[in-house]
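Report on the following structure.
The values are calculated or read from the model by the stated rules, or taken from the named source; none is laboratory data. The structure displayed is predicted, hence computed values, not measured ones. Note: ideal-geometry Cβ built from the backbone for every residue, glycine included; neighbour counts use all protein chains shown. Note: areas computed on protein heavy atoms with side chains; ligands, DNA, RNA excluded. Shrake-Rupley method; radii C 1.70, N 1.55, O 1.52, S 1.80 Å.
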Amino acid sequence: MNIRISTNMEKALTRQMNRELYSAYLYLGISSYFESANLKGFASWMRVQAQEEMIHAMKFFSYILQKGGKALMQDIEAPPNDWKTPVDAFEKSLEHEQMVTSLINELVNLAVAEKDHPTNTFLQWFVNEQVEEESNVR
């Protein structure tokens, strides 16, 4: 039995790993904005979200390696550095989480199309996590 993931799936999971790193970067940026606005509680909450995103990235990293792939680091785009209001920052965070949900769903669709049951099972954790992520930002 071949435990290695397909090249297509490896690339898709690697992209998602790097997107999770971007999410951490984004939330650190928002945390900095809140800190500069003296909104310490919001800043702390966003730092926790950034740490969670790092955990998500590491889950992808570990899974790719377990399946015989190579987790390649890619450029991480700079997130926005300023927000109009705290509400704006949270609205953008919700939009971002909704986009991540759609990306996870695309990965599940790919796993189903490739009949990659182990990866589909792995991704179900993220499907459920995104329900929590969107709810928390709301």
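Here are some notes:
- Matching residues, the range 23-49, being surrounded by fewer than 20 Cβ atoms within 10 Å (Cβ to Cβ) and closer than 30 Å to THR119 by Cα: TYR25, LEU28, ARG47, VAL48
- Condition check for TYR27 on (1) touching a Gly at 6+ places or on another chain (Cβ under 8 Å); (2) hydroxyl-bearing (Ser, Thr, Tyr); (3) within 15 Å of VAL137 (Cβ to Cβ): one failure, at (1).
- Selection from the range 72-117 of residues that are touching a residue at least 12 places away in the same chain (Cβ under 8 Å), farther than 17 Å from LYS11 by Cβ and part of a helix (DSSP H, G or I): PRO86, ALA89, PHE90, LYS92, SER93, LEU94, HIS96, GLU97, GLN98, VAL100, THR101, ASN105
- In the range 2-27, the residues that are closer than 9 Å to ALA57 by Cα and free of Cβ contacts under 8 Å to residues at least 12 places away in the same chain: none
- Of all residues in the range 28-52, those that are modelled with pLDDT of 95 or more have Cβ atoms under 7 Å from Cβ atoms of residues that are assigned to a helix (DSSP H, G or I) and of a type in the set (Val, Ile, Thr), 6 or more apart or on another chain, in MET46/ILE30.
- Against the numbered list (1) open to solvent by 20 Å² or more (accessible area, probe 1.4 Å); (2) more than 20 Å from PHE126 (Cβ to Cβ); (3) touching a helix residue (DSSP H, G or I) at 6+ places or on another chain (Cβ under 8 Å); (4) at pLDDT 95 or above, ALA89 comes up short only at (1).
- Scope the range 50-78; condition open to solvent by less than 60 Å² (accessible area, probe 1.4 Å) and among the acidic types (Asp, Glu); matching residues: GLU52, GLU53
- Residue that is farthest from PHE90 (Cα to Cα), among those in the range 1-22 that are β-branched (Val, Ile, Thr) and open to solvent by 80 Å² or more (accessible area, probe 1.4 Å): ILE3
- Residues being out of contact with any Phe, Trp or Tyr (no Cβ under 7 Å at 6 or more places or on another chain), in a helix (DSSP H, G or I) and over 17 Å from GLU97 (Cβ atoms) - total across the range 19-48: 6
- Yes/no for LYS115 being surrounded by fewer than 14 Cβ atoms within 10 Å (Cβ to Cβ) and of a type in the set (D, E, K, R): yes
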